[in-house]
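Visitor: This is the structure, below, for whatever I ask next.
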C-alpha cells in the first residue's frame, strides 16, 4: 500500500532539515561513515559499561555530549512511503540467446525491458546470472545458486554480451530486474547448450589417392537436433575468405580425387536451435604430395648393459619422411621389442652375457623402405668407479647432497640402474640415511659423515671423503634496548630480557643475568652486549650491542607528601613539617635545608612551605610539594585513609583508576596539583599514586594529604609452552620431561596451571613435570591464573615404553601402513598436530610412459585414509581439521605427472568435510580447499585426472619467451571423465619448485598467468619461499603458468632502506609502477584514491567500470572504477553526502580502517596473535572511535608495528609506509 506523495515529500524534507541541523552543530564525528556506523557508542562518566543508543539512520551518528537516548532520531520515527511491488518483466519474461564460437567467441542475451509502477523504466537495474544447472528460475534461486555476470548490476539495459570460450559445457542464464526500492523480479531462464565435438585428424596423401573421407561428430547437452555445414579454405583459419561447400551437410565429407599438391583445410560448422547456437570444428589439414620423401630412422645404434640389469629402454628414435610411416622389428631377440608409442626399444631383464643384434624397418605405403641395425651387448664384469663428493654446509639442520657427476663404469655400460646411498657417521656402521640427501641431526655434531654409493646394475662402490659436522650458527639478535635505574648511590643497568640470551659489558665475559650494577656518574661510558647462548645444536649467536652508555643523574619522579601542623609557642606560632626520609625543607624564600620546623611567627602572616627529596648520587632533587599556610586560619585534620579502585576494559586494554569521593576534599595524581579530578586511565603494569586532602575554607587551611599507591596488574595475552632444552618428546622408558611456560607480555604473572587436555601416554604434576606412562601423544596445556583463561599448548610424543597395544594403551600421533595393490606399493600415514589431522597416501611405484608418470589412487586407499583420519579427529573433538595428501613419488627428472582419483573418493572426501586435498608430486603440488573439493565432486563426470606438465618455454609467444627466459612453465589440467574443469568454486593453492639464479632478488620472483591470447599477466599473490624453495600462488582457474623475474629498480630507493624489500615485492607484481622518471617517491604523501587502487590491485579486485552507483567525486580518472568496486563491496561508504575525497591525503587511522574493512569484505583478515595491544602505545587515546576496532585488530595480529611506542594515528601516510603494510600482509603465512 502506498501513501500520498505529499506525505512522502514532507517526510523527506523534515528528515533533510533534521540531518542538516545535526551536521552543522558538529554532532557527526569526522569520517564516522568510514566505519559503516549504524549505531554510535558512548561511555558514561564513571561507568565502564558501554551504552548503545540503538540503530540510527546511516547518515546520522549522535555523539554523547549532552544528548540523551530519547534525543536520538531513529529512522523509524520519520514517516516515509513504502514501495513493495516488484517490476514486471517485459515480453512475458522471455530471454533470447545467441552463441557462437569462431574467431571472436561471444554470447548475446536479449530481453524486453521491464516496467514498474513507481520507478521510471530507465531507472531499473538488471542483474545477469549464470549456472551450470537449471536452478535459477526465481529471484531467490538466482541469488543462491547463480554466478553474477555483471557485478553491481547494470542500469537500463535490454541486452548483455561477453566474450566466451567454453563451448563444450551447458549453462543456464536468467535476468533479474530491480526497482529503486529494491524490489526484484525474475525473467524466464534460457539455456545455452554445450556442444561436444570429435573429428578426423590431419592427414598427408599421395597424388592419386581415391575416396578419402573426413568426418565430424557432435553432441549437445541437453540433446538437440544438430545440423552440419562443411567449409574449405586455403589457410588454417575460419576467415571471411572461407568457402561454403553447398550440399555438404552431413557428418562425413569425401574429398575430391583431384586436389592439387599442397595444403588444403576443411572445417565444419555445427549448429543447434536453428543456428542461434553454433561452433566450428578445428580445421583438418590435408597435405597432398606428388613424390613422398623416403623414410629414415635416426637414434642409438648400440647399448652396453651389465648382466643382472633391470627392465630398461633406449633413448627415443626420430622417424622422418613422408607420413604415414610404420616401424617394425624385423629380427632380434624376443626380449628386445619396439615400443611404437614412445619410439624406443624396450629391453626386458634376463638376457645373459652376449651380443644381440636387432634389425628395424621403416616403411611408407608407397613402398619406400629403410632398415636400421641396433646392437645390444651384455657383459658380466662392470664395476662402479670414479669419484663422489658431499655437497652442502656440514652444520646441524643443513641438508647435504651427493655429487655423482664424476661416477664412471669400467668397462663402460649404457645404464647403471638405480643408485644406492648409504650415509654413516663415525664410530658406527649403522646406515643413518638412504636417500641422495641427508639432513644433519644433533647426533652428528662433532662426528664425521661419509656416503657410500652403489648401483643396482653393476658391481663395486665408491665412498666420499669424510666431512666434519659442526653446530649450526647461532641466531641473530637484530637489536637490543635497555636502561638504568639508581638507588641513590649507584646505578644498575638492565638490558631488556631476551629469551635464551646471555649478556656482557665487554663482549668477553658473559653472564646469565641481564643486570649490571655499581656504576656512578664518574664511570666511563660503557657498551652492553647480548647474544643467543650456545646450545647442544647451535653455536652462540653474534652479539648485538647498545652504547656506549654515559651515566647521568636521573630526575626523581616522586614527590613527598607535605604534612604539617601549626602550634602556639608563647606569644608566637610555629610551623612544623612532618619529616620524610631523604627529604629537605624550605620556609618562604629561605634556602633548602634539613630543618623542618620554624617558629617566631606572630600569627598574621601567610607563609609558603616546601618539601622535596634531596639530590643523591644517582638522582636530582625532586619537584617540590608546596602549600601556602595562612596563620590566621585554623588547622584541618587529614581525610581518612582511602584505597584506590580500578577496573579493566578488555576492549581497549587499559585500566580506569579512581579515588573514592569525600565531601570537601580535593584530589591529585602527582601530589602537587589538586583539583576535583578523581579518575585516571593507565596501562597495565603502571604504578599509580593518588593523593587526597581537605580543601581550604575561609576558616581553615588545607589539611595534610593522605595517599595510596597501586601497581596495576599485567594480564596474560599469550603463553609459549616448551620442553626443557627444546625437547618435544620422551623416548626413554619411564622417562620425564620438565615443561616450561613463558607468559607474555613481559611483567605478566608467570604462574600457570598445568594440564593434559587430550591424548594418552603421560601424566603431569602441578609444577609441569610430565611423566611417561605409556606410548602415545599428549597435548600439554598451561593456563594463566589471572582470570583471563589465556593458555598455550604443545604436543609431546612418548615412545620407548610398553609395546603398542599393551596394558598401558596410548596412541601414536603419527603412524603408517604399507600395503601392496594392483596400483603398486602404497603407504598410508596419519599425522596429528594440535587440532590438525593429516592423512598422507604415498604411491611409491608408478608407470613410466616416456617421462610421463601416471599415479592412480584407488577408492579403497582414499576411503581407508579418510576413515582413519576422521577417527583421529573424533578424539580431538570440536575444532578438529582434517586434510588429505596424495603423494606421488617419481624420478626427479619427471616432467609430466598425472594423478587419477576416483570420483567416488572425491565425493566421500567432500561429504566427510575434508578441509583440503593436496596432490604432492616432484613437479609441483596442488591444494584444493573444501569449497573446491565440493565443486569438483559436483562437476566431475567421471574419475578426476589432475595433470601437472612442465612444458617448453618455446610454446609461448616470442615476447612472452623473452620475459620468461629459461624459467619453468607449467600447464595444469583437470578433467572429470571426458569433461574439462578449468574454473573452480573455491581457492586452489599451487606450489612449484624454483632455484633462483645468482644475484636474483627473491622479492622480484613472480608467477605469470598466460591468458587466452598468450599474454603474460602477473599473479599478485604469488611469492617465493626461500625455506621451501617453492613459488606458491592461489587461483580459482587453471591454465598455463610460468615462473618469472620482474625486478624494477628505482633511483630514489636505497637497497638498505627499511622499505626496500617491500618496494621490490610490490613493484614486481605491478601493484604500483612508481611516479615517473625512474622514481618511487617513498616519502610522498598517499591520497585516499591512491590507497584504494593499490589495495585492490594487491588483492586482484578488478575495477567496476560499468557501475552506475559511484561516489559523487569519483571523476573520470584512474581510480574511478576502483572506487565503484570499493563501494559495491562495502569497503567504504565514503565520508558523507556520497563523497569519498580521493585527492585528500590519507591518515594512518583512515588507511588502517579502510584496510580492515577491505580485508573483512573479501574474507582475508590476517590471523594469529602477538603480545602487543593498543595499550602498548602511548598515543592510543588519540585514535578516533571509528578507527579503534580496525587498529586494535591489526596491532594484535602484528600487521601494525608502530614507530617505537607510538602509532601516530593522525599522521598522514607515505607511499613507503603503504607498500610495507601490503608487503607484510602478502608475504604473511596465514
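Visitor: Against the longest principal axis of the chain, how steep is helix 930-939, in degrees 0 to 90 to the nearest 10, with axes from Cα atoms?
Guide: Relative to the chain, helix 930-939 is tipped by roughly 30 degrees.
Visitor: Find how many whole Å separate the alpha carbon centroid of the range 374-410 from the alpha carbon centroid of the range 595-637.
Guide: 93
Visitor: P(r) for the range 273-421: what percent of alpha-carbon pairs falls in each 5 Å bin, starting at zero?
Guide: The calculated distribution, bin by bin, is 2, 7, 14, 13, 11, 10, 9, 8, 7, 6, 5, 3, 2, 1, 1, 0.
Visitor: How many times 2.2 N^0.38 Å is the alpha carbon radius of gyration of the range 413-511? Display every interim value, and only then the final one.
Guide: Working: Rg = 25.0 Å, N = 99, 2.2 N^0.38 = 12.6 Å.
My calculation over the Cα atoms of the range 413-511 gives 1.98.
Visitor: Suppose the chain between residue 339 and residue 377 were pulled fully straight at 0.36 nm per residue; how much longer would it get relative to their current alpha carbon spacing? List each step's numbers first, then the result.
Guide: Values: separation 38, 0.36 × 38 = 13.68 nm, distance 1.98 nm.
Contour length minus Cα-Cα distance gives 11.7 nm.
Visitor: Continuing with this model, one more query. Relative contact order of the chain, please, whole-number percent, based on alpha carbon pairs below 8 angstrom and at least 6 residues apart. It would help to have the intermediate numbers written out before the result.
Guide: Working: 2821 pairs, mean separation 56.4, N = 1230.
Relative contact order comes out at 5 percent.
Visitor: Going by C-beta contacts inside 10 Å, put 724, 1191, 623, 303 in order with the fewest on the left.
Guide: Values: 724 13, 1191 24, 623 16, 303 21.
So the residues, fewest neighbours to most, are 724, 623, 303, 1191.
Visitor: Sticking with this structure for a sec: Run through every distinct alpha carbon pair of the range 296-379 and return the Kirkwood hydrodynamic radius in angstroms, one decimal place. Before the final figure, lay out each step's value.
Guide: Working: mean 1/r = 0.0754 Å⁻¹.
Over the range 296-379, the inverse of the mean reciprocal pair distance is 13.3 Å.
Visitor: Once you keep just the Cα pairs under 8 angstrom separated by 6 or more residues, what percentage relative contact order results for the range 814-1045? All intermediate terms of the calculation are to be shown ahead of the outcome.
Guide: On the way: 546 pairs, mean separation 33.8, N = 232.
Once normalised by length, the contact order is 15 percent.
Visitor: Let me ask you something else. What FRET efficiency, computed as 1/(1 + (r/R0)^6) with R0 = 30 Å and r the Cβ-Cβ distance, is obtained for residue 473 and residue 430, rounded to the nearest 0.05?
Guide: On the way: r = 28 Å, r/R0 = 0.93.
The calculated FRET efficiency here is 0.60.
Visitor: Could I ask something else about it? Restricting the count to DSSP beta bridges whose residues both fall in the chain, what percent are antiparallel, rounded to a multiple of 5?
Guide: Details: 266 of 303 bridges.
Around 90 percent antiparallel, to the nearest 5.
Visitor: Would you work out the Kirkwood radius for the range 633-709? I mean one over the mean of 1/r across all pairs of different Cα atoms, in Å.
Guide: On the way: mean 1/r = 0.0755 Å⁻¹.
Across the range 633-709, the inverse of the average 1/r is 13.2 Å.
Visitor: Residue separation times 0.36 nm, minus the C-alpha to C-alpha distance between residue 492 and residue 1017: what's the value?
Guide: Values: separation 525, 0.36 × 525 = 189.00 nm, distance 5.98 nm.
Gain on extension, residue 492 to residue 1017, equals 183.0 nm.
Visitor: In nm, what is the difference between 0.36 nm times the number of residues separating residue 961 and residue 550 and their Cα-Cα distance? Let's see the in-between values first.
Guide: Working: separation 411, 0.36 × 411 = 147.96 nm, distance 6.16 nm.
Using 0.36 nm per residue and subtracting the Cα-Cα distance, I get 141.8 nm.
Visitor: Normalised radius of gyration for the range 1188-1230, please: alpha carbon Rg relative to 2.2 N^0.38 Å, two decimal places. Intermediate results must be reported in sequence, preceding the final value.
Guide: Details: Rg = 10.7 Å, N = 43, 2.2 N^0.38 = 9.2 Å.
That works out to 1.16 for the range 1188-1230.
Visitor: How big is the Kirkwood radius of the chain, worked out from every pair of different alpha carbons and given in Å to one decimal?
Guide: Values: mean 1/r = 0.0258 Å⁻¹.
With all distinct Cα pairs of the chain included, I get 38.7 Å.
Visitor: Sort 798, 480, 900 so the one with the fewest other Cβ atoms within 10 Å of its own Cβ comes first. Could you put the intermediate results ahead of the total?
Guide: Working: 798 28, 480 20, 900 16.
Exposure proxy ranking, most exposed first: 900, 480, 798.
Visitor: Order of 898, 422, 637 from fewest to most other C-beta atoms within 10 Å?
Guide: Working: 898 20, 422 16, 637 9.
Sorted ascending by nearby Cβ count, the order is 637, 422, 898.
Visitor: Roughly speaking, what is the centre-to-centre gap between the range 488-522 and the range 950-973 when only Cα atoms are used, to the nearest Å?
Guide: About 59 Å separates the Cα centre of the range 488-522 from the one of the range 950-973.
Visitor: Helix 1148-1161 versus the longest principal axis of the chain: what is the Cα-based angle in degrees, 0 to 90, to the nearest 10?
Guide: 40
Visitor: At R0 = 51 Å, how high is the FRET efficiency between residue 156 and residue 202 if r is their beta carbon distance? Nearest 0.05 is fine. Walk me through the numbers before you get to the answer.
Guide: Values: r = 49 Å, r/R0 = 0.97.
The formula returns an efficiency of 0.55 here.
Visitor: Is the shape of the range 814-1045 rounded, prolate or oblate, going by the alpha carbon gyration tensor and its root eigenvalues a ≥ b ≥ c, with a/c under 1.5 for rounded and a/b larger than b/c for prolate?
Guide: Values: a/c = 1.71, a/b = 1.61, b/c = 1.06.
In terms of gyration-tensor shape, prolate.
Visitor: What is the range 946-1070 by shape, rounded, prolate or oblate, if you read a ≥ b ≥ c off the alpha carbon gyration tensor as root eigenvalues and call it rounded for a/c under 1.5, prolate for a/b larger than b/c, and oblate otherwise? It would help to have the intermediate numbers written out before the result.
Guide: Values: a/c = 2.14, a/b = 1.78, b/c = 1.20.
Here the range 946-1070 falls in the prolate category.
Visitor: Whole Å is fine, so just give me how far the alpha carbon centre of the range 761-793 lies from that of the range 215-250.
Guide: 74
Visitor: Counting DSSP beta bridges in the range 296-379, what percent are antiparallel, to the nearest 5?
Guide: Bridges in the range 296-379 that DSSP calls antiparallel: roughly 85 percent.
Visitor: Output the 0 to 90 degree angle, nearest 10, between the alpha-carbon long axis of helix 859-876 and the longest principal axis computed from the alpha carbons of the chain.
Guide: Helix 859-876 and the main axis of the chain meet at about 10 degrees.
Visitor: For the chain, what does -39500 (n - 2.57) per DSSP helix run (n ≥ 4), summed and divided by total residues, give at 222 nm, in deg cm²/dmol to the nearest 500? Intermediate results must be reported in sequence, preceding the final value.
Guide: On the way: 12 runs with 138 residues, N = 1230.
Taking each H run of at least 4 residues, the total per residue is -3500 deg cm²/dmol.
Visitor: What are the extents of the Cα atoms of the range 718-798 along their three principal axes, in Å, largest first?
Guide: Projected onto the principal axes, the Cα atoms of the range 718-798 cover 38, 23, 17 Å.
Visitor: Relative contact order for the range 483-549 using alpha-carbon pairs under 8 Å, separation at least 6, rounded to a whole percent? If you can, show how the numbers build up before the last one.
Guide: Details: 117 pairs, mean separation 18.7, N = 67.
Averaging sequence separation for qualifying contacts and normalising by length gives 28 percent for the range 483-549.
All of the numbers you see were taken from the coordinates with simple rules; none came from a lab. In this text, all values refer to a predicted model and were calculated from it rather than measured experimentally. A quick note on method: Cβ atoms are made from the backbone with ideal geometry, for glycine too, and the neighbour counts reach across all protein chains shown.
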